[in-house]
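Heads up, the thing below is written out as structure tokens.
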Amino acid sequence: MTTTTVGTTTVGTTTVGTSAADIEFHYDLGNDFYALWLDETLSYSAAVWDGIAPGEPDTTALPRAQRAKLDLHLDLAGAASDAGFRLLDVGCGWGGLLTHAVLTGRAGEATGLTLSRAQHAHVRGLALPGVDVRLESWDGHRPERPYDGIVSIGAFEHFATADMDAAGRLAAYRGYFERCHGWLRPGARMSLQTIAYDGVAGGDGPVGSFVAAEVFPGAALPRLGEIVTAGDPYFAVTAVRASAEDYARTLGAWSARLLRARAEAEALVGPDGFRRYRRYLRACEVTFLRGAATLYRIGFRRRDEPLRLPV
Ligand SMILES: C[S@@+](CC[C@H](N)C(=O)[O-])C[C@H]1O[C@@H](n2cnc3c(N)ncnc32)[C@H](O)[C@@H]1O
């Protein structure tokens, strides 16, 4: 078990996956910096671009595409305009899904988990009725009542680390699905969005090394087979959608917005910080465009009785 101390404050306890210190390294660069180039929902994950014309300015296209993503996940999690619906968002970022779910009435109560203090403070500051945010890892989460649906977008990449072998990753991912099974009511649904390897695992060369060392330390990408195998005892798969293009287009929009906000960004994170993020966004865009990584959105239905599968 890793309890991480940053400065004088203990920020979280994780038994598996990216440490809280590595999460802080990335996310606590400052809410104002991310607000410069993310859309107004502060979504920090691939949007859904279906039906959005390539020529539409990113000022309107990106928030539309991000809301389409949020709706897709709420659909997959079975959140359909029910004031009694209790939603869990594992890795809630700056609260875009929690906000969207309660303001559209698709959930009555929405709980978010994050390991980032800056994100936690931001969501608490929104003071939205029905929204609860916790500075807590999924493996330490103990809800008082079952949830009706779970969404997790862009956090699964942090649930294993690069030094784990295949058996270690499977155990870590299976632990996540087992917990989700325990938190959900019978018949409930859940959704997951994650970056993944499709070709050779780890085959993203210098781009991956740069991102791992300079931007996202302590993260690891799964393969689709690993996700499905890990979840199989507890969940049936209801939908799988692959779209590397969705992430490439999102990264292109973020890059353009960061470039337009260069002066403000340099004032907040310095010229080196600005350059590092520009390089990271462009490198990731190229990674998706050349198919070295892909993006999955997966729907699941809880099995009432976990399957006993041969090991
Ligand atoms: C790329 S951000 C995505 C945020 C948000 N879902 C979105 O789409 O904008 C990843 C999020 O996962 C969270 N996270 C990473 N590991 C976690 C863990 N073990 N438990 C809970 N949250 C975690 C981070 O704190 C961060 O909020």
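The values are calculated or read from the model by the stated rules, or taken from the named source; none is laboratory data. Since the model is a prediction, treat every value here as computed from it, not as a measurement. Positions of Cβ are backbone-derived with ideal geometry, glycine not excepted, and every protein chain shown enters the neighbour counts.
Quick look at the numbers
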quantity: Search result, residues across region 30-48 that are buried (at least 16 other Cβ atoms within 10 Å of the Cβ) and assigned to a loop (DSSP other than H, G, I, E, B); calculated: Leu38, Asp39, Thr41, Leu42, Ser43, Tyr44, Ser45, Ala46, Ala47, Val48
quantity: Selection count where residues are within 8 Å of the ligand (Cβ to nearest atom) and of a type in the set (D, E, K, R), scope region 133-151; calculated: 2
quantity: Residue that is farther than 28 Å from Val237 by Cα, in contact with a Ser or Thr (Cβ under 9 Å, 6 or more places away or on another chain), surrounded by fewer than 19 Cβ atoms within 10 Å (Cβ to Cβ) and hydrophobic (A, V, I, L, M, F, W, C), where the choices are Leu128, Leu62; calculated: Leu128
quantity: Positions within region 92-128 being more than 12 Å from the ligand (Cβ to nearest atom) and of a type in the set (Val, Ile, Thr), in sequence order; calculated: Val102, Thr104
quantity: Every pair of residues 6+ apart whose Cβ atoms lie under 6 Å, when the first sits in region 100-118 and is within 17 Å of Phe85 (Cα to Cα) while the second is more than 9 Å from the ligand (Cβ to nearest atom) and among the hydroxyl-bearing types (Ser, Thr, Tyr); calculated: Gly105/Ser81; Arg106/Ser81
quantity: Which listed residue is of a type in the set (D, E, K, R), surrounded by 24 or more Cβ atoms within 10 Å (Cβ to Cβ) and either away from the ligand (no atom under 14 Å from the Cβ) or within 16 Å of the chain's Cα centre (by Cα) (or both), from Asp163, Asp89, Asp82; calculated: Asp89
quantity: Unique residue being within 15 Å of the ligand (Cβ to nearest atom) and closer than 21 Å to Leu281 by Cα when the list is Asp58, Asp39; calculated: Asp39
quantity: Among the residues listed as Ala201, Ala172, the single one being modelled with pLDDT under 95 and either among the charged types (D, E, K, R) or within 23 Å of Ala46 (Cβ to Cβ) (or both); calculated: Ala201
quantity: Breaking point among (1) within 18 Å of the chain's Cα centre (by Cα); (2) crowded, with 17+ Cβ neighbours inside 10 Å, for Val269; calculated: (1)
quantity: Enumeration of residues in region 19-52 that are closer than 15 Å to Asp246 by Cβ and either out of contact with any Leu (no Cβ under 8 Å at 6 or more places or on another chain) or of a type in the set (Val, Ile, Thr) (or both); calculated: Ser45, Val48, Trp49, Asp50, Gly51, Ile52
quantity: Boolean, Arg308 is in a helix (DSSP H, G or I) and of a type in the set (Lys, Arg); calculated: no
quantity: Inter-residue pairs, beta-carbon under 6 Å, first modelled with pLDDT of 95 or more and in region 125-136, second assigned to a strand (DSSP E or B), 6+ apart; calculated: Gly130/Glu109; Val131/Ala110; Asp132/Thr111; Val133/Gly112; Arg134/Leu113; Glu136/Leu113
